[in-house]
Amino acid sequence: MKSLLLFTPKLKAVSLGFMCLFSLDIAAQSGWTKEKTEGFYQLSFQSMKSKDYFSLDGAQLETNQFSQQSLVFYGEYGVTDKFTIMANWPLQTWNGFETTETVSGLGDLRLEFKHALLKQYFPLSISVAPELPIGNANHFAQSKVNNFEQINLPSGDGEFNVWTTLASSFALPTIPLYGNIFTSYNFRTQYDGVSFSDQFAIGAEIGYHIANFVWVNARLNALKSVDEVEVATDFVRGDGSEYTGYSFGASAPVYKNIHLSLNYRNYNDWIFERKNIYSSGVLGLGIYYEHKPQKK
């Protein structure tokens, strides 16, 4: 089904169902916390282009090509051996359709506070992550076809929400293999008088260290809305978005504690069917630094 992007209030919904996925999927959840003063700091660039939009009822529509690129900072710091602070912040996000100009802006800041419930034999953690709406909640891109038309492509959703996550991990003692599983609940509020449905997510990851040099991993995660969203009252905020995502990644050291990482992510209907998102492959390239405390 072919649909041209029309710049009417009703069809502003088509603009950005995919908006939050870059920051949400930047790092898998785990049951481990950092050691005291241990740190992990990553800067990554991610890019996607798609004409495939999945509506609230799961129908696949073809629109003008939507593209999004993001420069994202992600960090973890061990305050104590059982308490870690994390930050996930799109420093700049570029959004645009092939029929519009590209607009950019700062994204919302997600702070996460993780506490280890169990640490040694069965790593288990709980975390609370408020997402602060400091990004540009309204950013209009001008049409390149008709100069009197525009569409809202915000870099932030304008809404305060809180993620709560329970995660567990394992690592084999004789084989460099690890795994993570998690479940999360997103308590959403409202923006500009429009309330949003809460969401829940599940996920799993497995990783392996090849030749004591390259880490490779595979992830599967899924997101679903708690309430049935039947009308896209404010589509650009991701209300009613659902999906199953999978990814493959690799990282290798380049100098001392500095590593390069490469990641590919895509979406399907394995667990939850795609709704209210643009779906396509997302390619990410990053560089990260790990700080290890000196052992006494």
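Points 7 angstrom from Cα along the Cβ direction at GLU228 and GLN190: gap in nanometres?
Here the modelled spin labels are 2.3 nm apart.
Between LEU91 and SER67, what is the FRET efficiency for a Förster distance of 25 Å, r being their Cβ-Cβ separation, to the nearest 0.05?
Result of the calculation: an efficiency of 0.90.
Step through the residues of segment 146-152 one at a time and calculate ³J(HN,Hα) from phi using the Karplus curve (6.51 cos²θ - 1.76 cosθ + 1.60, θ = phi - 60°), rounding each to whole Hz and writing x for Gly and Pro.
3J(HN,Hα) across segment 146-152, in whole Hz: 10, 6, 9, 10, 8, 9, 7.
Report, by chain and number, residues whose modeled amide H sits under 5 Å from the one on ASN161, excluding near sequence neighbours (fewer than 5 apart, same chain).
Answer set, sorted by chain and number: GLU131.
Hey, can you grab everything whose amide H is under 5 Å from the amide H of GLY156? Only 5+ residues off in sequence or another chain; H modelled, so Pro and N-termini drop out.
ASN136, ALA137
Pick out which of THR165, THR37, THR174 has the largest mean-square fluctuation in a Gaussian network model of the chain, springs linking Cα atoms closer than 10 Å.
So, out of THR165, THR37, THR174, the one fluctuating most is THR174.
Using a 10 Å cut-off on Cβ atoms, rank the peptides 105-111, 147-153 from the highest mean neighbour count down.
Values: 105-111: 20.3, 147-153: 17.3.
Taking the mean over residues of other Cβ atoms within 10 Å, the ranking is 105-111, 147-153.
Can you list the HN-Hα couplings for segment 45-52, worked out from phi with the Karplus curve (6.51, -1.76, 1.60; θ = phi - 60°), rounded to whole Hz and with x for Gly and Pro?
10, 10, 9, 8, 9, 7, 9, 9
Can you run phi through the Karplus equation (6.51, -1.76, 1.60; θ = phi - 60°) for segment 94-103 and list ³J(HN,Hα) in whole Hz, with x for Gly and Pro?
After applying 6.51 cos²θ - 1.76 cosθ + 1.60, I find 10, 10, x, 9, 5, 9, 10, 6, 9, 10 Hz.
Any idea how far the Cα center of segment 25-71 sits from the one of segment 166-210, in Å?
Taking the Cα centre of segment 166-210 as reference, the centre of segment 25-71 is 13 Å away.
If I build a Gaussian network model for the chain, linking alpha-carbon pairs within less than 10 angstrom, which residue out of ALA59, ALA211, ALA167 has the largest mean-square fluctuation?
Largest GNM mean-square fluctuation: ALA211.
Around GLU149, which amide H atoms from residues at least 5 apart in sequence, or from another chain, sit under 5 Å from its own amide H, with H modelled in the peptide plane?
SER143
For the cross-link pairs LYS82/LYS295; LYS82/LYS224; LYS256/LYS292; LYS114/LYS256, which exceed 21 Å when the distance is taken from alpha carbon to alpha carbon?
From LYS82/LYS295; LYS82/LYS224; LYS256/LYS292; LYS114/LYS256, over 21 Å: LYS82/LYS224; LYS114/LYS256.
Readers should treat all values here as calculations from the given coordinates under stated rules, not as data from a laboratory. The structure presented is a predicted model; accordingly, all values stated were derived computationally and were not measured. All Cβ positions, even for glycine, are placed from backbone atoms using ideal geometry, and neighbour counts span all protein chains on display.
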